[in-house]
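Scroll down for the structure; my scribbles are underneath it.
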């Protein structure tokens with residue numbers, strides 16, 4: 001109990017926390033694009049060979065696009081969530097660090113599914129990573145709402161917000177299951193899920209549910 005109490009101490013400002021978080025997000029989206037390779041050509045003037053090489057990389061472009069949109073969505077909702085907290089404590093810092101650890105891992109399954117788009121295990125793990133990242137964000141959000149939320153925003157919270165937000169990880173897990181039956185269906189689910197939550201949900205007059213991300 002004493003150890004847990006230590007995590008609730010501290011009144012840290014968000015300047016360095018947000019700067020560190022933004023740096024991780026920036027590195028993550030930069031690493032995503034490194035998996036895109038320029039096709040190697042024996043004849044540099046061979047248009048057909050270049051076209052075939054680009055077509056062969058369509059799966060890499062698709063996995064990059066999906067991951068880029070999802071990471072940007074996480075960044076937007078993370079920025080939005082920080083506006084709800086009056087300050088940060090040590091518990092927030094470590095939960096935020098664990099969430100960012102998940103973000104930094106996203107380039108790995110992205111590269112794997114780009115290399116093996118027809119492999120059910122690779123496509124399934126792709127969705128599992130996004131489901132875990134979403135759950136980590138929801139844990140961070142729940143901590144802010146319970147312990148750190150600004151008093152003037154406390155009464156505006158939707159008590160069912162976190163339950164509703166579980167649609168996100170459940171959708172990614174549905175894609176992970178679909179990958180074992182038909183991988184294109186999994187890609188469709190992964191691509192559509194973030195579009196429903198491309199911006200944080202807004203309340204009636206003010207934000208009512210924190211940053212809800214799927």
Inter-label distance for residue 150 and residue 87, nm, one decimal - labels placed 7 Å from Cα along Cα-to-Cβ
1.6 nm
Relative contact order %, the range 2-197, counting alpha carbon pairs below 8 Å whose residues are six or more apart:
25 percent
Which FRET efficiency value, to the nearest 0.05, is calculated for residue 42 and residue 69 with the Förster distance at 25 angstrom and r the Cβ-Cβ distance?
0.10
Which FRET efficiency value, to the nearest 0.05, is calculated for residue 61 and residue 13 with the Förster distance at 41 angstrom and r the Cβ-Cβ distance?
0.55
Solution diffusion estimate, µm²/s, Stokes-Einstein, the range 2-197, Kirkwood Rh from C-alpha pairs, 10 °C, viscosity 1.306 mPa s:
86 µm²/s
Full-extension gain between residue 34 and residue 104, please, as 0.36 nm times their residue separation minus the C-alpha to C-alpha distance.
23.8 nm
What FRET efficiency comes out for the pair residue 116/residue 20, r = Cβ-Cβ distance, R0 = 35 Å, nearest 0.05?
0.60
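No value in this document is a laboratory result; all are computed from the given coordinates. This structure is a prediction, so every number in the text was calculated from the model and none was measured. Using ideal geometry, Cβ is built from the backbone for each residue, glycine included, and neighbour counts are taken over all protein chains shown.
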